[in-house]
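Note sheet for the following structure.
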Amino acid sequence: MKVLGLLPYADESELKAASTAFDAEFVRKLATLYDETGYDRILIAQSAKSPDGLATAAHVAAITNNLKFMIAHRPGFIAPTMAARMLSTIDQLSNGRAGVHIITAINDAETRADGDFLTKEQRYHRSREYVQLLRRAWAEDAPFNHLGDFYRVEGAQTMLRPANGSIPVYWGGSSDLGVKFGAECADVYAFAGTTLERSAQLMQQVRDAAAPHGRCPRFLMSIRVVIAQDDAAAWKRAESIADALRAKSGAIKMGLGSGSDESAQRRVAEAMAARSAADPCLWGGVVEATGGRSHAMALVGGPKTLIEALKAYEALGVDEVILRGFDNLADAEAIGRELIPHLA
């Protein structure tokens, strides 16, 4: 199982507000920590308010040795042929460490803030065509033409290819179209942490949708962890996190990506339903405490319990996992020291 991390642009979480939108020293410390403690790759996130992920990725590539990265990228703002060249350049500069995570945006407010007024369904169709053009730009030897529903190009050509011929494409989205097009387009299908049963169902949906295309994508699960020296200490810490959030009447910062009220209510219901013997260390306390505005389903326990829980997901077919705690530097170090040697 490959263990990945998340790179925030400043030291913030549900429990802590950042003093600035971008903290270059924090980015350096966390990226270096990920590199030194054996993380395979990091996700560099994107939103309508965040700093630029491409520039950040280039910086991370320059200050690390082995750490790979995937850049969250929303189609619709950069032409796919241009994005193919930009990603190829970063991949060559980093000796083949780049990846791209195609995000279609969870709600309309997020995209409209940057001037994109397509519906979510339209955005999924556009993302599909976008990935097709990325792959074609990386593969074609001669200039090519394309006339689609969202893009038209004539004589397109990418002179600089990715270091390994292509760049891994990650894709997220649990709606019907998200699953259908992710199965068709993605090298790695990404989903948020949930119960073992629901994870197995979702992965089978993707496999079934991928089979007619002769594809078998890998799977990435993103989940939070509450880690401590033993189970009792971890559950005590989890309750203190929930208490702190309830006292604040929710998280300090949720951002535009939190989704609709309807999706928030669904997340609360899912978190409450996750309390079962089949998933003894799966915890939805943060989701409940924030009324669904946070997506932070978490695994709670000491190192041994967390390793066993993660191996259960691996047995279902989860190939990669983004693990993140609630204290960015301290938890990243603990995950690297206590979990990665037993999972990687």
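Is it fair to say R112 is surrounded by 21 or more Cβ atoms within 10 Å (Cβ to Cβ) and not aromatic (F, W, Y)? Reasoning before the result, please.
Working: surrounded by 21 or more Cβ atoms within 10 Å (Cβ to Cβ): no; not aromatic (F, W, Y): yes.
Criteria not met by R112.
Within segment 119-154, which residues are touching a helix residue (DSSP H, G or I) at 6+ places or on another chain (Cβ under 9 Å) and not in a helix (DSSP H, G or I)?
Narrowing segment 119-154 to residues touching a helix residue (DSSP H, G or I) at 6+ places or on another chain (Cβ under 9 Å): 119-121, 123-125, 127-138, 144, 146, 148-151, 153.
Selection gives T119, F144, H146, G148, D149, F150, Y151, V153.
Which ranges mark the helices (runs of 4 or more DSSP H) fully within segment 250-331 that have 1 or more residues being over 24 Å from L33 (Cβ atoms) and at pLDDT 75 or above? I'd like the intermediate steps shown before the answer.
Numbers: elements: 261-273, 285-289, 303-316.
Correct list: 285-289, 303-316.
Which residues, taken from segment 123-177, are of a type in the set (F, W, Y) and within 30 Å of S199 (Cα to Cα)? Explain how you work it out, then say what you get.
Applying the first criterion (of a type in the set (F, W, Y)) to segment 123-177 yields 124, 130, 138, 144, 150-151, 170-171.
Within segment 123-177, Y124, Y130, Y170, W171 meet the criteria.
Going through segment 309-325 one residue at a time, which ones are more than 26 Å from C216 (Cα to Cα) and open to solvent by 10 Å² or more (accessible area, probe 1.4 Å)? Steps first, answer last, please.
Kept after step one, since they are more than 26 Å from C216 (Cα to Cα), are these residues of segment 309-325: 324-325.
The answer is R324, and nothing else.
Scanning for something open to solvent by less than 40 Å² (accessible area, probe 1.4 Å) and of a type in the set (V, I, T), does segment 7-28 turn up at least one residue?
Yes, because at least one residue in segment 7-28 is open to solvent by less than 40 Å² (accessible area, probe 1.4 Å) and of a type in the set (V, I, T).
In segment 41-58, which residue that is open to solvent by 40 Å² or more (accessible area, probe 1.4 Å) and closer than 27 Å to A344 by Cβ is modelled with the lowest pLDDT?
Q46
On the basis of being within 29 Å of A17 (Cα to Cα), in a loop (DSSP other than H, G, I, E, B), basic (K, R) and touching a residue at least 12 places away in the same chain (Cβ under 8 Å), does R337 make the cut?
On the way: within 29 Å of A17 (Cα to Cα): yes; in a loop (DSSP other than H, G, I, E, B): no; basic (K, R): yes; touching a residue at least 12 places away in the same chain (Cβ under 8 Å): yes.
Judged against the criteria, R337 is not a match.
The values are calculated or read from the model by the stated rules, or taken from the named source; none is laboratory data. In this text, all values refer to a predicted model and were calculated from it rather than measured experimentally. No Cβ is skipped: glycine too gets one built from the backbone with ideal geometry, and neighbour counts run over all protein chains shown. What goes into the accessible areas is simple: the full protein's heavy atoms, side chains included, and nothing from ligands, DNA or RNA. Shrake-Rupley method; radii C 1.70, N 1.55, O 1.52, S 1.80 Å.
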